Amino acid sequence: MMNSKMKQLLTALAISTAVVAAPISTVQAAEKGASTIEQGKKLAFSKSKGNCLACHMAGDGTMPGNIGPALIAMKLRYPDKQKLFDKVWGKPETRTVPNSMMPQFGQNGILSDDEINKIVDYIYTL
Amino acid sequence: MKKTLLIALSLGVAVGAASTSALAVDPEMDRQQVLNFFTAKNPKIAHKEYINGAYIYDADKKAQWEAAEEFPPYLDDIDAGEAEWNKHQTIYEKCFGSDVSKVRVKYPYFDDAANKVVTLEGSINKCRTDAGLKAYKTGKGKLAQVSAYLGYNARGQIINVKIESEGARKAYEAGRAVFTQVRGQLGLSCAKCHAYNAGRKARSNIMSPFLGHPTHFPVYRAKSQSLHTLEGRYVGCMKNMRATPFKPQSAEFKNLEFFEAYVSNGLEINAPGYRE
């Protein structure tokens, strides 16, 4: 098993290469086609990315699980958006529930910081 | 009650992680705590119902499942298992005796001389290779079919795994550690899904209690339209955890099966099972 730092590094590298390699026009087109919120929603719902629906009810996502609390009223509950980012990223100080199923998406290199930012942008609308 | 197991299981984690096994687990006390934990979680579910996996938590799904069990799709597999048994009858009878209803209930057991857990499926393959036959592929196929044939013939018998030596106790403790330790990128453990969150849903899948897991294996899954062994299911769950699965018949998997089976003592064998 690769350690998580290594994985994060590799993920980061893969992402930066992708950005460098992609012709500027496609990047622009992608940005025009989908706002970060929509991209965040896609990332949150995708089984191979956030897969948040496995455990949380979120927006209009179909067949959500009920392992974690419903993702609603996020703005109200997280006035400080950074705290929400930290929770999804998995900063140790946000790990307050014993035996929690909530994955540490940033800490364990499951998602890049950029991806987590987009997801947070999306759930902040819920 | 709930707290007891939470403490007990997380203790297992701490002890395993520090690998300074100062606190020895007493299997029978541990088993009682597991029963208490599930009773506290769902006081209305009787012990004997735990042979039915996730269906105990959902009356509608249970009704649909019971209807499907009237013409279960695994009957062909049982027939195939019987044909396979008969094809090598002399060899199998030498290893397991001539009464096919008396085989399944003996497994898994702890072999003190060899100092390891012996499983039914491991023994079927050992019997084959000792006789010069090729081992069956693990997980599904003929191995699962022969196992289903033996399970079917043992229906109604009671699981009765014995722990009578320090070696067996250690195997239980090791299996329990496999069950409780967090592994893989998602930071999950078997216990998080099948103990603490049993009865909750991951997407639309209700998570079964681990109490009773071994009673109904092998299991035919509608999704893959095939029968698979308990170990095959362990591999599947480990992949979902984004962890590297242990090898078939590794000490880890055998100890895990021993742990799950001992906890299920007193429950009826109802193999093979059918699942979505």
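Counting each DSSP H run of 4 or more residues in the protein assembly as shown as -39500 (n - 2.57), what helix-only mean residue ellipticity at 222 nm follows after dividing by all residues, to the nearest 500 deg cm²/dmol?
Details: 16 runs with 186 residues, N = 402.
The helix contribution divided over the protein assembly as shown gives -14000 deg cm²/dmol.
In what sequence do B:Cys127, B:Cys190 fall when counting other Cβ within 10 Å, fewest first? Working shown, then result.
On the way: B:Cys127 18, B:Cys190 22.
By the 10 Å Cβ count, ascending, the order reads B:Cys127, B:Cys190.
With θ set to phi - 60°, apply the Karplus curve 6.51 cos²θ - 1.76 cosθ + 1.60 along segment B:198-213 and write out the HN-Hα couplings as whole Hz, x wherever there is a Gly or Pro.
Result, rounded to whole Hz: 4, x, 7, 10, 9, 6, 9, 8, 6, 8, 6, x, 6, 4, x, 3.
Please work out the Cα center distance from segment B:60-80 to segment B:151-207, rounded to the nearest Å.
First find each Cα centre; the distance between them is then 24 Å.
With θ taken as phi - 60° and the coefficients 6.51, -1.76 and 1.60, list the Karplus ³J(HN,Hα) couplings across segment B:67-75 in order, rounded to whole Hz; mark glycine and proline as x.
Rounded to whole hertz, the list is 5, 5, 5, 6, 10, x, x, 8, 4.
Might you report the magnitude of the Cβ-based charge dipole of segment B:121-232 about its Cα centre, with Lys and Arg at +1 and Asp and Glu at -1, to the nearest 20 debye?
On the way: 18 positive and 6 negative charges, 99 e Å.
Approximately 480 debye in magnitude.
Which one of A:Ile119, B:Asn36, B:Gly175 has its Cα pushed farthest toward the positive end of the charge dipole of the protein assembly as shown, where Lys and Arg give +1 and Asp and Glu give -1 at the Cβ?
A:Ile119
Sort by residue number and name the cysteines in chain B that have no neighbouring cysteine Cβ under 4.7 Å.
B:Cys190, B:Cys193, B:Cys237, each lacking another Cys Cβ under 4.7 Å.
Using 17 Å as the cut-off for backbone N distance, which residues of segment A:83-119 belong to the label zone defined by a point 7 Å from the Cα of A:Glu38 along Cα→Cβ?
A:118-119
Can you flag which of A:Lys49/A:Lys91; B:Lys102/B:Lys134; A:Lys83/B:Lys201; A:Lys47/B:Lys106; B:Lys61/B:Lys116; B:Lys62/B:Lys140 are past 29 Å Cα-Cα? Spell out each step's value before the answer.
On the way: A:Lys49/A:Lys91 19 Å; B:Lys102/B:Lys134 25 Å; A:Lys83/B:Lys201 27 Å; A:Lys47/B:Lys106 41 Å; B:Lys61/B:Lys116 39 Å; B:Lys62/B:Lys140 25 Å.
Table pairs above 29 Å Cα-Cα are A:Lys47/B:Lys106; B:Lys61/B:Lys116.
How big is the charge dipole of segment A:38-126 about its Cα centre, in debye rounded to the nearest 20, if each Lys and Arg gets +1 on its Cβ and each Asp and Glu gets -1 on its Cβ? Before the final figure, lay out the partial values.
On the way: 12 positive and 9 negative charges, 29 e Å.
Roughly 140 debye, rounded to the nearest 20.
Please turn the phi angles of segment B:227-240 into ³J(HN,Hα) values with the Karplus equation 6.51 cos²θ - 1.76 cosθ + 1.60 (θ = phi - 60°), one per residue in order, whole Hz, x for glycine and proline.
For segment B:227-240, the Karplus curve yields 8, 9, 7, 4, 5, x, 5, 4, 4, x, 5, 5, 5, 4 Hz.
Tell me whether the protein assembly as shown comes out rounded, prolate or oblate; compute the Cα gyration tensor, take square roots of the eigenvalues as a ≥ b ≥ c, and use a/c under 1.5 as the rounded threshold. If you can, show how the numbers build up before the last one.
Details: a/c = 1.92, a/b = 1.75, b/c = 1.10.
Because a/c hits 1.5 or more and a/b exceeds b/c, the protein assembly as shown counts as prolate.
Using a Gaussian network for chain B with springs between C-alpha atoms less than 10 Å apart, which of these wobbles most: B:Gly122, B:Gly81, B:Gly97?
Among B:Gly122, B:Gly81, B:Gly97, the largest mean-square fluctuation in the Gaussian network model of chain B belongs to B:Gly97.
No value in this document is a laboratory result; all are computed from the given coordinates. Just so it is clear, the model here is predicted, and its values are computed rather than measured. Using ideal geometry, Cβ is built from the backbone for each residue, glycine included, and neighbour counts are taken over all protein chains shown.
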